[in-house]
1. Between A:T61 and B:E4, what is the spin-label point distance in nm, taking each point 7 Å from the Cα along the Cα→C-beta axis?
2. Largest first and in whole Å, give the semi-axes of the protein assembly as shown's equivalent ellipsoid, each being the square root of 5 times a Cα gyration tensor eigenvalue.
3. Taking every residue in A:143-155, how many Cβ atoms of other protein chains lie within 10 Å of its Cβ, on average?
4. Can you figure out the FRET efficiency of A:S51 with A:A80, using R₀ = 41 Å and their beta-carbon distance, to the nearest 0.05?
5. Indicate the residues belonging to the range B:80-127 that lose 40 Å² or more of solvent-accessible heavy-atom surface (probe 1.4 Å) upon moving from the chain alone to the assembly of all protein chains, ignoring ligands and nucleic acids.
6. In nm, to one decimal, how far is the B:E245 label point from the B:R118 one, both placed 7 Å along Cα→Cβ?
7. Less than 13 Å from a label point 7 Å out along the Cα-to-Cβ axis of B:D82: which backbone N atoms in the range A:138-169 qualify, by residue?
8. Compute the accessible area per residue over the protein assembly as shown, keeping the other protein chains in place, probe 1.4 Å, unit Å².
Amino acid sequence: MTRAGLWRIALVTGFAGAIEVLCLTGTIDKITMQAPHRMLVDLAKMIASGSMNAAIAKTLTNAVLAFLPAIAVGILTAVALFPFKRVRNVLDPLFATYYAIPVFAFYPLLIVMLGLGDAPQILLGFMLAVVAVIINTLNGLDRVPRVLIKTARVNRMGPLATAFGVMLPSAAPYVLTGVKLAVAYSLIGIIGAEFIMSRGGMGYEISFAYNNFDNAIMYPLILLILVVSIGVNTLLGLWEKRLMLRKSGR
Amino acid sequence: MTAEVHVALRGVGKSFSRAESSDVVHALGPIDLELRKGEFFAVVGPSGCGKSTMLELIAGLTSATSGSVEFEGASIAGRIPDGVGVVFQEDACFPWMTIRDNIDFGLKRAKLDAVERRDRVDRAIAMMGLSGFAESYPAQLSGGMRQRVCIARTLVMKPRLILLDEPFGALDQQTRLLMGDELLKLWRLSGATVFLITHALDEAAMLADRIGVMSARPGRLLDVIETGWPKERDSRIVEDPRFGEITARLWRSLREESMKSMGAAGASS
Ligand SMILES: Nc1ncnc2c1ncn2[C@@H]1O[C@H](COP(=O)(O)OP(=O)(O)OP(=O)(O)O)[C@@H](O)[C@H]1O
Ligand SMILES: [Mg+2]
């Protein structure tokens, strides 16, 4: 482990330890927050009893249903847009300002259109995630060295073979940045939507527990969301590191 | 010599229009040149005179503003002809592939059978002095080694016309001479026509049957020098007194042009 890594662990444990002390001494009262060790115990109990399994499964399934299409549609859109300079001159500024729009504001509209099932939540997660993939893929495609494209042409490769055989692999590190963002954004979209209005899922359970002052459910669920999103990101990070090691040759 | 014409450039010129302004950069020509089948032709000229542009015109990567380019009797006009291999001036290795996969790239696309592919790649790796690096990635190699990977990748396809844009630019003088020997050997074995752009006058003088000397931009052919070397030759001809004469003649033609292009660069900046 690197020095920075050790410091990072020390920082996080220190923070958790400080909260633990503040809770145990009663500086933070029980109704506001539970001591971190209780959260861990409650989380273990919750997983053992399986009481939240349905909610966890629903949220994670919907997140996957949002981010896999977001990645596919995002990459394909970027590849299709890339050759058209004029279209991009029109669209690029729109993509750049996209995240200034609070997409959640459209959630009620989506419910009206699609009903109070999983569809509007998945769509919201998709909408949040897809543009990050488009922006980052386009950014990567812009940086493909021209000589690689010329090499593809000399090998008499068509536009599709060039895009998928040369340009996307060359842009892979940027595409991966988009994918990582898509994972985070789709989770945010799904859980946020569940929080606002839905009939199940982790966001819904947190909101329900919050309204009933049920800290024994709320905090373990928050902890679980943290663990899941950090876990997925770490896995992607490890994969990225392997790709980069190859490229930088160490 | 009445050898068959392999590549013909007739009145070829190329201008680039700048995207943001209306002014046009006249990069090349008009050029009239015929490459004979199986000859080794070298081009020297001041930086920015349009050598790479000329190579891209022959490769069909860009189309001429005026005139026509023919390869094996058929007009190219911006189509990529079959049987032409190109080694670019810049590093064109695919960084996400091993050296073996890089060299195998074109063969795999051509759907050759696995045994033949492996055989050709192995031989190219040995010839280019890359043994032991087959499973490495380009980033683990030096610039000169990467350039050799690109040469190998082109040669395994057995092109009938090989276009090389300063392929030894990243090599030291000794390796450059040895690579020159390899290239000569390969040229003799394959019977391919070679078009080599170089900035090293001695390299041109040692390798080529004929050397085209280009003017400052817009590049025109000032002079075409026949070296008269026998087909069986290698880097030892640098000891021949004729080698010195050829190099001196190249430098006489180029000195003034190079000063012009330096002056132009100084004036425009
Ligand atoms: N795509 C392009 N768009 C605009 N101008 C270009 C383009 N490609 C080349 N040029 C211009 O054409 C001229 C010739 O360029 P080229 O690359 O052919 O020179 P070169 O002789 O290969 O130079 P060097 O020896 O430095 O490699 C240069 O002035 C360059 O600025
Ligand atoms: Mg050049």
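1. Calculated label separation equals 6.8 nm.
2. 63, 25, 21
3. 6
4. Efficiency, from the Cβ-Cβ distance: 0.35.
5. B:I80, B:F88, B:F94, B:P95, B:W96, B:F105, B:R109
6. It is 5.3 nm.
7. Flagged as within label range: A:156.
8. I get 50 Å² per residue for this part.
The values are calculated or read from the model by the stated rules, or taken from the named source; none is laboratory data. Bear in mind that the values here come from a model prediction, so they are computed numbers and not experimental data. Neighbour counts run over all protein chains shown; Cβ positions are idealised from the backbone, glycine included. The protein model used for the area step is the full one, side chains on, heavy atoms only, and it has no ligands, DNA or RNA in it. Shrake-Rupley method; radii C 1.70, N 1.55, O 1.52, S 1.80 Å.
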